[in-house]
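Read the structure below first, then the notes.
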Amino acid sequence: MSNKQKELTLTLQASFEKIYYAKYALDFPHTESALNNCIKYKNKPCLEVYKHFKEGKSSILSLSSDKSLGATLDIIEKACLSEDQAMANNICYGGLMSLYFYNSSAQDKKIFKRINKYPKAIKNIIFNNDFLWFHNRPKNSNWINYISTLDIDWEQDGQKKFILNMFKRNINQIDGEPWVLR
């Protein structure tokens, strides 16, 4: 791995840890009104975690999307299978959450092809969670067809139907947390 690739990987991993806060941090303001209350009452833990999230998001958006997408997909594969808990949780889930920012048709094809190559364990992680990137796909019908035939160990009854419905709804139809990613 070249120095540039190492630097990109480290930057992305740090960003994924910060993106992870938007879904999993207890103090994260999950709505705009919650953020406004954090600001109004100067809630330091809330403002701090939001600041870190914004840094992670800005970092990801500042990178060349073609190079960073490939590195992101590599990191997801390594992190989601890691025995290191920080890597397996923060970086894996943060990396998966960051797929939201890669939503062109060309990027979608790369994501789709890569997920096809992932081991079943990673596919189980991806599709047994409700990530916002599911709503932010240019041609969600491709994903719906793919998931309909996918061999997944669904964690709950109805999970497959729930995930398929997520792909049917556009990000603009979602309430709550999507405001932080836009």
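Computed values, structure above
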item	result
Burial ranking of peptide ranges 156-163, 8-15 (average Cβ count within 10 Å, highest at the top)	8-15, 156-163
With at most 16 other Cβ atoms within 10 Å, longest stretch of the chain clear of loop GluC sites (Glu not before Pro) (DSSP)	1-82
Additional length obtainable on full extension of the chain from Gln173 to Ala88, 0.36 nm per residue less Cα span	27.6 nm
Carbon + sulfur, % of accessible area of the chain - ligands and nucleic acids excluded, 1.4 Å	48 percent
Flagged links, alpha-carbon separation over 21 Å, of Lys18/Lys78; Lys18/Lys51; Lys57/Lys139; Lys117/Lys168; Lys6/Lys78; Lys6/Lys120	Lys57/Lys139; Lys117/Lys168; Lys6/Lys120
Translational D in µm²/s for segment 106-174 (Stokes-Einstein at 25 °C, 0.890 mPa s, Kirkwood Rh from C-alpha pairs)	200 µm²/s
Sites matching chymotrypsin sites (Phe, Trp or Tyr not before Pro) across segment 29-117 that sit in DSSP coil, with at most 13 neighbouring C-beta atoms within 10 Å	Tyr41
Per residue solvent-accessible surface (Å²) - the chain, probe of 1.4 Å	54 Å²
Pair Glu48, Trp154: separation of 7 Å Cα→Cβ label points (nm)	4.2 nm
Ranked order, Lys42, Lys123, Lys168 - accessible area, probe 1.4 Å, largest first	Lys42, Lys168, Lys123
Segment Ser33-Lys120, extension gain: residue separation times 0.36 nm, minus the distance between their alpha carbons	27.4 nm
Calculated over the chain: convex hull of Cα atoms, volume per residue (Å³)	124 Å³
Helix-only [θ]222 nm of the chain, DSSP H runs n ≥ 4, -39500 (n - 2.57) each, per residue, nearest 500	-19000 deg cm²/dmol
Kirkwood hydrodynamic radius over Cα pairs of segment 1-102, then Stokes diffusion coefficient at 25 °C and 0.890 mPa s, in µm²/s	175 µm²/s
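The values are calculated or read from the model by the stated rules, or taken from the named source; none is laboratory data. Note that the structure is predicted; figures quoted are calculated from it, not measured. Ideal geometry is used to build each Cβ from the backbone, glycine not excepted, and the neighbour counts take in all protein chains shown. The accessibility values were calculated without ligands, DNA or RNA, using every heavy atom of the protein model including side chains. Shrake-Rupley method; radii C 1.70, N 1.55, O 1.52, S 1.80 Å.
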